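All of the numbers you see were taken from the coordinates with simple rules; none came from a lab. Note that the coordinates shown come from a computational prediction; the quantities given were computed from them, not determined experimentally. Because the Cβ atoms are built from the backbone with ideal geometry, glycine has one as well, and the counts that use them run over all protein chains shown.
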Amino acid sequence: MPTIPHLSLLQKTFAKKGLVVIGVSTENAAEINAFTAKQKDMEYSVAADDNQKTYTEYMKGQEGIPLAFLIDRDGRIAWIGHPLIMENVLEQVLEGKYDLNKNIELSKLMKKLNVELEQQNVNGALKIIDKILAINPGNIQVASMKIYIFFKKNEKDKALAMTEEQIKKHPDVFGFYSMKIRILKSMNKEQEISRTYDQIINNLSDKTEALNVLVKELIHPKNGVVQLANALKVAEGTYFKGKFTKDINRATAADNLARCYYLIGRADKAVEMELNVIPLVKNDPKKLEQAKIILDYYKTALHLGKKIK
């Protein structure tokens with residue numbers, strides 16, 4: 001369960017600042033003890049709520065588990081949400097910087113926004129979005145909604161301007177670049193698209209996994225149009241400028257670049273690049289075998305190509 005190591009990490013990280021993480025289970029104490037005994041790195045306690053009083057009170061109007069309730073120093077529920085996304089709010093609460101009243105107002109506005117969106121009232125939704133962004137300008141989710149609404153209303157210049165504004169504020173958020181490219185494609189601005197890929201390489205060099213996925217999408221797009229120039233640009237940028245922390249991500253980047261070289265007719269460069277994959281996957285027999293097969297494929301293509309006059 002991914003929430004257990006995450007909550008354990010939060011407990012260890014913020015214990016000195018007063019954080020106490022308590023899990024609540026509707027199972028009895030014996031069942032809980034049997035479960036926690038198997039968790040080697042569990043850093044927090046789990047309480048038995050086998051009569052479900054706590055569950056009944058806290059889960060009124062809530063949907064889905066796991067669900068985290070963040071209680072502030074005054075005993076108030078400051079935040080409710082999935083435990084995997086609570087860290088930012090948690091730090092604010094622990095540092096006394098969390099404005100509960102403001103966030104209650106934001107919660108009310110978000111509920112109103114959902115109603116407007118369900119009713120497809122885009123003008124009403126835009127008004128509420130502006131109110132939310134006035135209170136919380138850094139709300140990436142809501143800013144993305146506004147961009148999407150502008151785009152669907154065919155107000156593409158507004159959508160593009162806001163996307164560029166968000167990229168300046170949040171240069172490490174991959175989603176805004178994807179939005180920008182989608183908007184530019186609909187406006188047939190190919191040169192701007194190419195420059196956006198340069199932005200991605202320069203600003204997201206530490207997000208090598210996402211960049212590798214992007215290259216694959218450019219090589220094998222859903223609409224059937226292979227974007228070789230942009231694929232090569234991103235593949236080379238990822239491999240030569242990427243900040244890798246895992247060998248598998250570097251191996252994927254090398255494999256992607258080899259594929260790009262092969263597709264543009266440079267089997268020699270494809271062989272050269274695929275050779276870099278072998279030592280990076282040597283400890284994974286399945287991936288090593290796959291890399292060797294691909295390398296042989298490129299070598300065969302190179303050999304046959306030399307025979308053609």
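A few points about this structure:
- Exposure proxy order (Cβ contacts within 10 Å, fewest to most) of Leu280, Leu263: Leu263, Leu280
- Across Lys207/Lys306; Lys131/Lys169; Lys40/Lys292; Lys108/Lys207, pairs whose alpha-carbon gap is larger than 30 Å: Lys207/Lys306; Lys40/Lys292; Lys108/Lys207
- Highest-MSF residue in the chain out of His220, His170, His82 [GNM, Cα springs under 10 Å]: His82
- DSSP bridge pairs, segment 3-94: antiparallel proportion in percent, nearest 5: 50
- Label zone at Ala134 (point 7 Å along Cα-to-Cβ), backbone N below 17 Å, segment 73-114: 102-113
- Computed over segment 3-94, Cα set: Rg, Dmax in Å: 13.3, 36
- Nearest-20 debye value, the chain charge dipole, Cβ charges on Lys, Arg, Asp, Glu: 1220
- Only one of (1) 73, 57, 32; (2) 81, 65, 38; (3) 82, 54, 33 was calculated from the structure for Cα extents along the principal axes in Å, and its label is (3).
- Added length on full extension, which subtracts the Cα-Cα distance from 0.36 nm per residue, Thr26 to Glu289: 89.9 nm
- Additional length obtainable on full extension of the chain from Ile85 to Asn33, 0.36 nm per residue less Cα span: 16.0 nm
- Helix-only mean residue ellipticity at 222 nm for the chain, each DSSP H run of n ≥ 4 adding -39500 (n - 2.57), per residue, nearest 500: -20000 deg cm²/dmol
- Cα lying deepest toward the dipole's positive end in the chain, options Val93, Ala34, Phe151, charges on Cβ: Phe151
- Highest-MSF residue in the chain out of Glu118, Glu31, Glu190 [GNM, Cα springs under 10 Å]: Glu31
- Phi-based couplings in Hz for segment 174-179 (Karplus 6.51, -1.76, 1.60; Gly and Pro marked x): 4, x, 5, 5, 4, 4
- The spacing between segment 47-105 and segment 232-309, judged by their C-alpha centroids, is 48 Å.
- Pairwise label distance in nanometres, Ala15 with Asp268, each label 7 Å out on the Cα-Cβ vector: 6.1
- With the simple spin-label model, which puts each label point 7 Å out from Cα in the Cβ direction, the Lys60 to Arg76 separation comes to 1.9 nm.
- Linear extension gain, Asp247 paired with Lys108, 0.36 nm per residue minus alpha-carbon span: 45.5 nm
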